[in-house]
Amino acid sequence: MKYSDFFVPTQKEKSSEAKIKSHILMIKSGMVRQETSGIYSWLPLGYRVLKKIINVIEKFHETAGINQILMPTIQSAEIWRKSNRYDTYGKEMLRISDRNDKELLYGPTNEEMITVLAKSFIKSYKTLPRYFYHIQSKFRDEIRPRFGVMRAREFLMKDAYSFDIDKKNGEKSYLMFFKLYLKIFKELGINVVPVRALAGEIGGNLSHEFHLIVESGESEIYIDESIISGNKNNYSLEDVMVLNSYTDDFYKTNEIKTKLKKFKSIELGHIFLFGTKYSKSFEFLIDGEKEKFFPYMGSYGIGVSRVPAALIESSIKKDGVVWPKNVSPFDVILLNLSNQNSFVSKFCEDLYLNYKSAGIDILFDDRDERAGVKFSDADLLGIPFVILVGKNYVNNKSVTIINKYLNEEIEIPNNEAEQKIKELIRKKYD
Ligand code: ATP
Ligand code: MG
């Protein structure tokens, strides 16, 4: 993409509503635009980041054999009455009626719909386990939508659902998702902590939330610090002694509580093994080896549109962001610092085309702007690698490459630049 074609409506004035770094930056760098309270459009820069996040999530789900589908946003009130959630869900649910006065709603989640869908196709135990997921907008009429896309009313969620023969197999599926989530968040460049969200003894339910520890977070979690020290990434269901503040009274005995420390955090994922609650509500019976049974279910959510904001909140850069490689809007940005010089411009043009055909996602700042403007825009965009072409190309056929992860700047012969960039893109920085 050439910068002259790229629509980046950066804002100079800080929005008066924006209170936290991510919200401020997402407005300032033209990533999103609020259409009405808690409802956002994603602009080209923001949408690129969102799509990269979606790609990572899709890649891991595909590998794990989870079927991607797309269920609608609008659901019938009828199925929510059947599960007894229509009345209990309360004011967060946006209720609508169509021209025939049929009661509809904008889905806040999809347990009902997926159960009805699965019931219409799955008839035999032989086809279990089955996993489905979709990435779709949800609507929750939050009392206080705030912090931009962090707590929106319409937001993008990845929700997956598992169907198993029995509890034992359900737990296997749950563990599979638990591990998958750790891998996904690692790939997204987020260091999450899995938090036990339920005591676990009642009805065999299991639940974990995946939190990013950061001072600006709205959640509070209690953690045994020894567990998170050393960037541990191989958590298991058993050794996780990290607790959510509002559940799990069992662990809140004084003895244990003194061992735990309170942290602010952002909830990015939530997994839940709830068993036969919905399969029973919908009389979803499957033929077993001997007798019919209700499939054992779980659901697994990720707050997809919350992730870009969380990444900005946790970025090491004080007032800005350097995107992790797998979610950066572009792999690299090329700055032509001598637009008036036709040699330089020709070289940049060729380099841009070469890199593109080599599969490098490159943004080429070809604008007729001062170097200072180009530097500050590149900074705002948060692309980790920058190539500078200017005087050094004219004088000694060399270019400068900046690696923002390491705050490193190197000058190399121009014919070695492509190889170097490829190396940088492949390299791990965690
Ligand atoms: P929260 O406690 O933040 O309100 P929740 O527990 O109600 O979230 P879940 O039902 O667990 O949310 O939904 C799955 C995921 O969707 C959450 O882990 C979170 O990342 C994301 N999410 C939930 N509500 C919002 C929202 N209003 N805006 C953006 N993302 C959200
Ligand atoms: Mg939750």
*asked:* Suppose we filter the stretch 317-348 for residues that are part of a helix (DSSP H, G or I) and among the aromatic types (Phe, Trp, Tyr); how many remain?
replied: 2
*Quick one: count up the residues across the stretch 337-362 that are surrounded by 16 or more Cβ atoms within 10 Å (Cβ to Cβ) and touching a Lys or Arg at 6+ places or on another chain (Cβ under 8 Å).*
6
*Can you find even one residue in the stretch 280-300 that is in a helix (DSSP H, G or I), more than 30 Å from ILE54 (Cβ to Cβ) and either within 16 Å of ligand 2 (Cβ to nearest atom) or of a type in the set (Phe, Trp, Tyr) (or both)?*
no
_Suppose we keep only residues that are aromatic (Phe, Trp, Tyr) and surrounded by fewer than 21 Cβ atoms within 10 Å (Cβ to Cβ) within the stretch 273-292. Which one would you say is nearest to ligand 1 (Cβ to nearest atom)?_
PHE274
*So which strands (runs of 3 or more DSSP E) stay within the stretch 119-200 end to end and still have 3 or more residues that are within 16 Å of ligand 1 (Cβ to nearest atom) and at pLDDT 95 or above?*
130-139, 154-164
*Across the stretch 393-409, which residue is farthest from SER345 (Cα to Cα) among those that are surrounded by 18 or more Cβ atoms within 10 Å (Cβ to Cβ) and of a type in the set (A, V, I, L, M)?*
ILE402
*Which residues, taken from the stretch 335-373, are of a type in the set (Ser, Thr, Tyr) and within 26 Å of LYS422 (Cβ to Cβ)?*
SER338, SER345, TYR352, TYR355, SER357
*Residue in the stretch 76-83 that is within 25 Å of LEU206 (Cα to Cα), crowded, with 18+ Cβ neighbours inside 10 Å and either within 16 Å of ligand 2 (Cβ to nearest atom) or modelled with pLDDT under 95 (or both) present*: no
*From LYS264, LYS259, which residue is surrounded by fewer than 21 Cβ atoms within 10 Å (Cβ to Cβ), assigned to a strand (DSSP E or B) and either at pLDDT below 95 or within 16 Å of ligand 1 (Cβ to nearest atom) (or both)?*
LYS264
*asked:* Pairs needed: first member in the stretch 284-301, on the phi > 0 side of the Ramachandran plot; second member anywhere, modelled with pLDDT of 95 or more and away from ligand 2 (no atom under 16 Å from the Cβ); C-beta distance under 6 Å; at least 6 residues apart or different chains.
replied: none
*Which residue out of PRO308, PRO295, PRO329 is surrounded by 24 or more Cβ atoms within 10 Å (Cβ to Cβ) and within 13 Å of ligand 1 (Cβ to nearest atom)?*
PRO308
*Within the stretch 28-51, is even one residue touching a residue at least 60 places away in the same chain (Cβ under 8 Å), outside any strand (DSSP E or B) and more than 24 Å from SER216 (Cα to Cα)?*
yes
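The values are calculated or read from the model by the stated rules, or taken from the named source; none is laboratory data. All figures in this text were calculated on a predicted structure; none of them were measured in a lab. Heads up, the Cβs are rebuilt from the backbone with ideal geometry, glycines too, and the neighbour counts pull from every protein chain shown.
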